[in-house]
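Comments concern the structure below.
Bear in mind that the values in this text are calculations on the coordinates, not laboratory data. Here the structure is a predicted model, which is why all the values come from computation and not from measurement. We place every Cβ from the backbone using ideal geometry, glycine too, and count neighbours over all the protein chains shown.
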Amino acid sequence: MTSPVSLFDQEIGRLNDVLCAINLLGWDARTQMPAGAAQMRGAQVATLTGLARGIATGQAMRDAIARELDHLDDRPGSALRRRAVLDTQAAIDIAGRIPEKLVVEAAALKTKAQQVWAEARAKNDFALFQRLLERTVDIQREIATAIGYVAHPYDALIRQYEPGMTLADLQKLFARLKAGLLPLIDTARGRPQPRLDVLERTYPVDVQKRFALGIAQRFGYDLKRGRLDETVHPFEISFTREDVRITGRFRENWLPGGLFAIWHEAGHGIYEQGIDPSFSRGAFVTDILNLYAVGGTSFGMHESQSRLFENRVGRSHRFWELHYADLQQHFPESLGDIDVETFWCAVNAVRPSFIRVEADELTYDFHVILRVEIEAALIAGEIAVRDLPAIWAEKMQTYLGLTVPDDTRGVLQDVHWSAGMIGSFPTYTLGNVMGAQLFAAAREVPEVAAGLHNGDYLPLTHWLNHHVHRHGRSRTPDEILHDATGSGLDPAPYLRDLTEKVALLA
């Protein structure tokens, strides 16, 4: 006999259904929607966001939580469910601090801003986007104030993506990374540079997709529960563990951009598809403002999975020893005269670049540090939106020695600000660090090590399923790291991996 559904489950189910509808409209807006529909789509998303907030913060939800907690007090084995209810209660309390008018305006602005950002990026014209970004920043400042913080207003925004993390914590981590990365960059740049022209030959997009998606499936991404579409800025989006979609961006004359983006997003997708089925329909939805990591415990942990498959696996020497012949068969005219060593060196070349998503591993984190410094200063009111192109150019020169040629390859390259996702950029570097820690632990398992050597990636994926994916939001990032690796956040394995790679590139 099936147990009756509790009032809490009913309310969470209703909330999750509305959030899934919002996500579906967002996916469509970024993949297929005509540009002229942006204003109406913004209104639709705003309406649904208002409904979601009403369900989340309404009396029915509060009564359901109270009743659920009463019933759980003495129930054997109820600790996990009790934690989920308490986490939901805490998130709802935070969401309730943010005025409904502000939530609805932010939702409406997001769709319009993303369309204008895409236009401004295509036209290389920051001025087209400036006014909307100014309002976006103002809204995020108001949200930070409403949520509350102790040391810095940016802390309130970071917590939406990485609970427990603060700007001060990030600054300490960044200092360790700078100390470890800068000497490696100097070493790598002091050597003869590998050939990069091999990556700029002609690579038909449909063939790129076929090869990249085949590898993604070998990693464990299930196309029966997913799909691939094209977009301006690649992303993964989930509705349930049975509907997890990824997107990519392809250029015929730049092969790595398409391949590694797909493997990155497949890492996100594998995480979502690996959530314990018992958590389906939103059992661990704990933040209505966070519509991206449906099942993941944090954005940083989510990024750990994407960066792990993209870099720890996809850019490894052994990976290309195993799969380069297949890539050559897909592109015989462009790669027939190139050996595997030349290709591997090319896709791992240390070459400071303007575009974050195409940056090499050694310089990537400086793109993140740059953005975090800008975001923190914006939220604190220390810099103005109108000055961002100049500030961006100055920081790119300082950190990477590059002179930014235009807005498209500078301040307009990322979609995040148009989506109101201020506070999310730190999680990319957190993901690099966590991913390396988890990968180091996984490789200690003989079946995983053998699989990586032989091109069977499912033992690695199964290990991640067990230690990371299945938990959804039921464990914190720190709990997952301690259980899987024996320590909290530690950049040492990440720096060790990069040191070894630089030695191999000699």
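So how do Lys224, Lys209 line up by other beta-carbon neighbours within 10 Å, fewest first? Please list the in-between numbers first.
Details: Lys224 7, Lys209 17.
Going from least to most buried by this count: Lys224, Lys209.
How many angstrom lie between the Cα centre of segment 444-495 and the Cα centre of segment 329-348?
31 Å
Charges only on Cβ, +1 for Lys and Arg, -1 for Asp and Glu: so what's the dipole of segment 13-171 about the Cα centre, in debye to the nearest 20?
On the way: 20 positive and 19 negative charges, 78 e Å.
It comes to approximately 380 debye.
Just how large is the dipole of segment 18-110 about the Cα centre, in debye to the nearest 20, putting +1 at every Lys and Arg Cβ and -1 at every Asp and Glu Cβ? The partial results should precede the final answer.
Numbers: 12 positive and 10 negative charges, 51 e Å.
Dipole size: approximately 240 debye.
Please arrange Trp254, Trp417 by how many other C-beta atoms lie within 10 Å of their C-beta, fewest to most. Mind dumping the intermediate values first?
Numbers: Trp254 16, Trp417 27.
With the fewest neighbours first, Trp254, Trp417 line up as Trp254, Trp417.
Go through Phe309, Val372, Leu388 and say which Cα lies farthest out towards the positive end of the charge dipole of the chain; charges sit on Cβ, +1 for Lys and Arg, -1 for Asp and Glu.
Comparing the listed Cα positions along the dipole, Leu388 ranks first.
Near Lys123, which lysines are there with a Cα under 19 Å away, not counting those fewer than 8 places off in the same chain?
Once the sequence-local lysines are set aside, what remains near Lys123 is Lys112.
Which three numbers, in whole Å and largest first, are the semi-axes of the equivalent ellipsoid of segment 360-446 derived from its Cα gyration tensor as √(5λ)?
Equivalent ellipsoid of segment 360-446: 29, 15, 11 Å, largest first.
Please list log₁₀ I(q)/I(0) at q = 0.11, 0.15, 0.24 Å⁻¹ for segment 110-229, using the Debye equation with identical point scatterers on the alpha-carbon positions.
The calculated log intensity ratios at q = 0.11, 0.15, 0.24 Å⁻¹ are -0.89, -1.21, -1.11.
Explain nothing, just the number: relative contact order of segment 22-149, from Cα pairs under 8 Å at least 6 residues apart, as a whole percent. Write down the numbers at each step before the final one.
Numbers: 81 pairs, mean separation 42.2, N = 128.
Once normalised by length, the contact order is 33 percent.
What fraction of the DSSP beta bridges in the chain is antiparallel, stated in percent and rounded to the nearest 5? Intermediate values should be presented prior to the final figure.
Numbers: 5 of 10 bridges.
So the antiparallel bridges in the chain amount to around 50 percent.
Specify which residue in the list Phe343, Leu400, His330 is farthest towards the positive end of the charge dipole of segment 307-430, using unit charges on the beta carbon of Lys, Arg (+1) and Asp, Glu (-1), about the Cα centre.
In segment 307-430, that residue is Leu400.
Where does segment 37-124 land on the Kirkwood hydrodynamic radius, alpha-carbon pairs, in angstrom? Show your work: numbers first, answer last.
Working: mean 1/r = 0.0653 Å⁻¹.
Roughly 15.3 Å, rounded to one decimal.
Which values, in whole Å and largest first, are the semi-axes of the equivalent ellipsoid of segment 15-68 obtained as the square root of 5 times each eigenvalue of the Cα gyration tensor?
Values: eigenvalues 174, 23, 4 Å².
Listed largest to smallest, the semi-axes of segment 15-68 are 29, 11, 4 Å.
As I understand it, the dipole of the chain uses +1 on the Cβ of Lys and Arg and -1 on the Cβ of Asp and Glu, about the Cα centre. Which of Phe239, Gln44, Ile185 lies farthest toward its positive end?
The one lying farthest along the dipole's positive direction is Gln44.
Please give the charge dipole size of the chain, origin at the Cα centre, charges +1 on K and R Cβ atoms and -1 on D and E Cβ atoms. Round to the nearest 20 debye. Intermediate results must be reported in sequence, preceding the final value.
Working: 54 positive and 65 negative charges, 81 e Å.
I would put it at about 380 debye.
Once the Cα gyration tensor of segment 1-154 is found, what semi-axes does its equivalent ellipsoid get, as square roots of 5 times the eigenvalues, in whole Å, sorted largest first?
Over the Cα atoms of segment 1-154, the ellipsoid semi-axes are 36, 19, 12 Å.
Taking neighbour Cβ counts within 10 Å as the exposure measure, how do Thr398, Thr47 sort from fewest upward? Each step should come with its number before you reach the end.
Numbers: Thr398 11, Thr47 14.
In increasing order of surrounding Cβ atoms, one gets Thr398, Thr47.
Would you list which lysines come within 24 Å of Lys501, measuring only between C-alpha atoms, while excluding same-chain residues fewer than 8 positions from it?
Leaving aside lysines fewer than 8 places away in the same chain, those within reach of Lys501 are Lys178.
Quote the convex hull volume per residue of segment 295-348, based on C-alpha atoms, as a whole number of Å³. Don't skip to the answer; put the middle values down first.
On the way: hull volume 5.2 nm³, N = 54.
Per-residue hull volume (Cα only) is 96 Å³.
Not counting the cut sites, what is the longest span of the chain without GluC sites (Glu not before Pro) that DSSP labels loop and that have at most 10 other Cβ atoms within 10 Å?
Values: sites that count: Glu382, Glu444.
Looking at the chain, 1-381 is the longest stretch - no exposed GluC sites (Glu not before Pro) with at most 10 other Cβ atoms within 10 Å.
When the C-alpha atoms of segment 320-381 are aligned to their principal axes, what extent does each axis show, in angstrom, from largest down?
54, 18, 18 Å, listed from the longest principal axis down.
With just the Cα atoms defining each centre, how far is segment 240-273 from segment 174-222? Give it in Å.
So the two Cα centres are separated by 15 Å.
Taking a cut-off of 23 Å between Cα atoms, list the lysines near Lys172, but don't count ones fewer than 8 places away on the same chain.
Partners within reach: Lys395.
Sorted from largest down, give the three principal axis spans of the alpha carbons of the chain, whole angstrom values.
68, 54, 43
For Cα pairs less than 8 Å apart in space and 6+ apart in sequence, what is the mean separation divided by the residue count of segment 127-220, i.e. the relative contact order in percent? Before the final figure, lay out the partial values.
Details: 25 pairs, mean separation 10.3, N = 94.
Relative contact order of segment 127-220: 11 percent.
If a/c stays under 1.5 just call it rounded; otherwise compare a/b with b/c (prolate if a/b is bigger, oblate if not). Do that for segment 300-454, with a ≥ b ≥ c from the square roots of the Cα gyration tensor eigenvalues.
oblate
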